[in-house]
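Read-outs throughout are calculated quantities, based only on the coordinates presented, and are distinct from any laboratory measurement. Just so it is clear, the model here is predicted, and its values are computed rather than measured. So basically every Cβ, Gly included, is an ideal-geometry build from the backbone, and we count neighbours across all protein chains shown.
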Amino acid sequence: MTDATADEAEATKKSGKKGLVLGLFLALVGGVGGYFITASGLLPFANQEVAKDADKKGEGASVKGLPDVAFVDLPPVIISVNTSDSRHLKFHAQLEVNAGYTADIEKMQPRIMDVLNSYLRAVELTDLEDSLALVRIRGHLLRRIGIVVGEGRVRDVLVMEFVLN
């Protein structure tokens, strides 16, 4: 008798993990399948609605004019990087300037180049090899150039060349 009651007790203590795993798997497969069907355009009515919405937006919208900006080209700079071997950074940039300040920026170009050289010489090789190095350098240069020429004159620093040899 004790054997029969022990078998029944073990049979009723199932945890239900198998059903949970199966449910999660089926939900994942259904989600991936639904995304594929929708993204590939296999549903015929989905693409027509998107096209109609795009046409409606294009009819009544007016095109905004471009901002009144000018670009000031800075001379390329080649800087030796502080490492045991001789590595160099070639850096070339342009400044996006509000159009009324082009002459002021060109007048201050020697000071801008001094700030650019000073900052780039202080950058470590490990900082340059980082995937976000270019974004960080642009931000630092924009802030420093803004201090030199005055706030609101330079809109952005556009990097034309960034080569580490």
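Since only L89, G150, N117 are under comparison, the one whose Cα sits farthest along the positive direction of the charge dipole of region 69-164, derived from C-beta charges on Lys, Arg, Asp and Glu, is G150.
Size of the dipole of region 69-164 about the Cα centre, Lys and Arg at +1 and Asp and Glu at -1 on the beta carbon, nothing else charged, in debye to 20? Mind showing how you got there, number by number?
Numbers: 11 positive and 13 negative charges, 41 e Å.
Computed charge dipole of region 69-164: roughly 200 debye.
The calculated FRET efficiency for the pair S80 and E106, based on their C-beta separation and a Förster distance of 25 Å, comes to about 0.35. The Kirkwood hydrodynamic radius of region 69-164, based on inverse pair distances between different Cα atoms, is 13.7 Å. Extension gain, E151 to V135, is 3.8 nm, computed as 0.36 nm per intervening residue step minus the present C-alpha separation.
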